[in-house]
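This report concerns only the one structure given below.
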Amino acid sequence: MAFTLNLAGLTDEELHGLLGADRALAVLPDVSRARLGGRPVPGPDLPATLRFTLCDPGIPGGTPEHTRQIAAHDAALREAGATGSGETWLQVPGSVSVRPFTVGSDTSVLLTWNDREPAAGVAVQLLTWMRDQASGSAVVLTETRPAGRLPAPSEEVDVHVHSGMGIAALLNLHAGHVLRHGRTRRLGADADWSAPWQELYLLNLRAWERRGLLLAARSS
């Protein structure tokens with residue numbers, strides 16, 4: 001089942017992050033009235049699960065400089081000990097390209113970019129699931145910039161953003177964040193690379209449902 005995001009349930013900060021400043025200001029009067037009246041304001045549709053399609057082999061990036069950035073990040077991840085097939089996947093919906101890696105036995109990594117927005121550069125996300133939630137967190141997410149423009153993640157996600165951080169330093173910082181929470185959950189040797197990211201998305205969906213942010217998707 002797909003969902004529609006309820007704009008009336010978002011904070012003003014989330015609304016601006018999702019829609020951009022100009023569009024958020026345009027819809028804010030209607031959203032404010034809806035909040036007072038206790039009614040929803042349908043926004044973008046959200047899938048029930050993430051979907052990834054394998055891209056044809058080719059040169060990634062929207063410009064030569066963008067291509068160079070992607071290659072440099074890929075090389076830096078491998079030099080730091082990350083392993084991956086080199087395949088590129090397109091996240092659906094959206095236009096985000098992702099290249100998956102793993103680090104050690106417990107950390108999933110995504111190198112992400114958008115060929116349509118080369119000026120945005122390249123981002124890296126590190127994800128490690130914990131064996132239990134004794135610390136109050138189920139998973140640690142470390143990234144070089146906030147991922148996407150969806151609402152704030154679940155309170156069970158320990159998020160750390162380190163803009164402009166080098167790959168080796170980012171991996172060390174992530175390991176330190178993880179160490180604070182205790183034992184980690186190992187990645188299966190033959191497991192689907194997308195499974196930890198799907199689980200993160202579903203964790204966030206449940207949190208957004210508790211906040212009243214999810215409406216049944218509009219029929220086409």
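The values are calculated or read from the model by the stated rules, or taken from the named source; none is laboratory data. Model, not experiment: these values are computed from the prediction. Reconstructed Cβ throughout: ideal geometry from the backbone, glycine too, with neighbour counts over all protein chains shown. For accessibility, only protein heavy atoms count, side chains too; no ligands or nucleic acids. Shrake-Rupley method; radii C 1.70, N 1.55, O 1.52, S 1.80 Å.
One table, with the values for the structure above:
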quantity	calculated
Cα centroid of the stretch 130-202 to Cα centroid of the stretch 25-89, whole Å	16 Å
Alpha carbon convex hull of the stretch 1-85, volume per residue in cubic angstrom	173 Å³
Cα-based Rg and Dmax for the stretch 140-220, where Dmax is the largest Cα-Cα distance (Å)	15.3, 47
With all protein chains modelled, accessible area of R99 [1.4 Å, Å²]	30 Å²
Solvent-accessible surface (1.4 angstrom probe) belonging to V159, in square angstrom, nearest 10	60 Å²
Three-way shape call for the stretch 174-220 based on the alpha-carbon gyration tensor, with the a/c threshold at 1.5	oblate
Most fluctuating residue given options P196, P151, P118, as computed from a GNM of the chain linking Cα atoms under 10 Å	P118
Whole-angstrom Cα spans of the stretch 86-140 along principal axes, big to small	42, 22, 19
In sequence order, calculated HN-Hα J values of the stretch 72-80 (Karplus, 6.51, -1.76, 1.60; Hz; x Gly/Pro)	5, 5, 4, 5, 5, 5, 5, 5, 7
Heavy-atom accessible area per residue - the stretch 52-113, 1.4 Å, Å²	48 Å²
Binned Cα-Cα distances of the stretch 39-78, short to long, each 10 Å bin given as a whole percent	21, 28, 25, 18, 8
Å² of accessible area per residue within the stretch 144-220, as computed with a 1.4 Å probe and no ligands counted	60 Å²
Between helix 21-37 and the chain: long-axis angle, C-alpha atoms, 0 to 90°, nearest 10	50 degrees
Carbon plus sulfur fraction of accessible area for the chain, probe 1.4 Å, in percent	55 percent
Loop GluC sites (Glu not before Pro), the stretch 120-173 (other Cβ atoms within 10 Å of the site Cβ: 16 or fewer; DSSP)	E155, E156
Furthest towards positive pole of dipole, V98, G121, A34, structure part the chain, Cβ charges	A34
Potential extension, S85-A119 segment - 0.36 nm per residue separation minus Cα distance	9.6 nm
Residue among N172, N204, N114 with the largest mean-square fluctuation in a Gaussian network model of the chain, springs linking Cα atoms under 10 Å	N172
Efficiency of FRET between D132 and Q198 - r from beta-carbon atoms, R0 22 angstrom, step 0.05	0.60
Base-10 log of normalised Debye intensity for the chain (one unit scatterer per alpha-carbon) at q = 0.08, 0.16 Å⁻¹	-0.31, -1.19
Gaussian network model of the chain, springs between alpha carbon atoms under 10 Å - residue of V124, V139, V161 with greatest fluctuation	V161
